[in-house]
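One structure is given here, and the rest of the page talks about it.
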Amino acid sequence: MGVIYVLWLREVKRYLRSRAQIIASLGQPLLYLLVLGFGLGPVFAQAGRGSYLQFVAPGVVGMGILFTSIFSGIGLLWDRQFGFLKETLVAPVPRLQIMVGRTLGGATIAMVQGLLVLVVCLLAGFRPQSAVGLLLAFVYMALIAIVFAALGTAIGSGLRDMQGFQFIMNFLVMPIFFLSGALYPLNNLPTALAAATRIDPLSYGVDGLRGALIGVSAIGLGVDAMVLAFVAMIFLGLGAWTFSRIQI
């Protein structure tokens, strides 16, 4: 447990020291929130859907958590390049503890990032339906963070250099975001698109956040939580397996 705590604390401290990273990571969520939230607001309202800002804010929070958690796992590449990963792996501790510590650190960072995005959403005019719903949203934020921090660790354990980074960005992270329903309702979609959204783990996270924050859920809060917990266990197992196979 001591190793897990040390690695968790290291990841959190490294994030908090990088003020530029914190500010830069807010750029894309702000772009989607302000440009789409206010730009498509009149169209969304004319369609009888109400406020688009209310609708899109939970999706933007989910996006902030997704990007931060995935990239925290890919940060293994930097540790491999600068030698810290080798120093960690030769330590007389189980690799599973190292992987769990890094994953929890990445998930914590993603949670902080999600909270910052949520604060920006509140400043922009977003209003949760209740304080209880806001507390429930934290549960879904944590589940999303753990799911994708574990996936990021699995990916980072398999990459050898930064050449694969752009591939991961274009063919994994962006499709996960755009298929999640963060920017559009999940109801009445074409069959193929509806099937793709059901495969996407982030769909359940965004739907859970939306249900908790504004009371609109296309899948169901219970189903969302169960699927996220199940996927988290799968990705944690996959991350542990790939991390154990890293060659020093």
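Observations on the model:
- Environment charge at Y204 (Cβ cut-off 10 Å; Lys +1, Arg +1, Asp -1, Glu -1): -2
- Cα gyration tensor of segment 125-196 - equivalent ellipsoid semi-axes, whole Å, descending: 28, 20, 10
- L238/L96 FRET efficiency (R0 22 Å; Cβ-Cβ; nearest 0.05): 0.95
- Of I146, I98, I246, I65, the sequence from fewest to most neighbouring Cβ atoms within 10 angstrom is I246, I98, I146, I65.
Computed from the coordinates by the stated procedures, all read-outs in this text should not be read as laboratory data. Since the model is a prediction, treat every value here as computed from it, not as a measurement. FYI the Cβ positions are ideal-geometry reconstructions off the backbone, even for glycines, and counts take in every protein chain you see.
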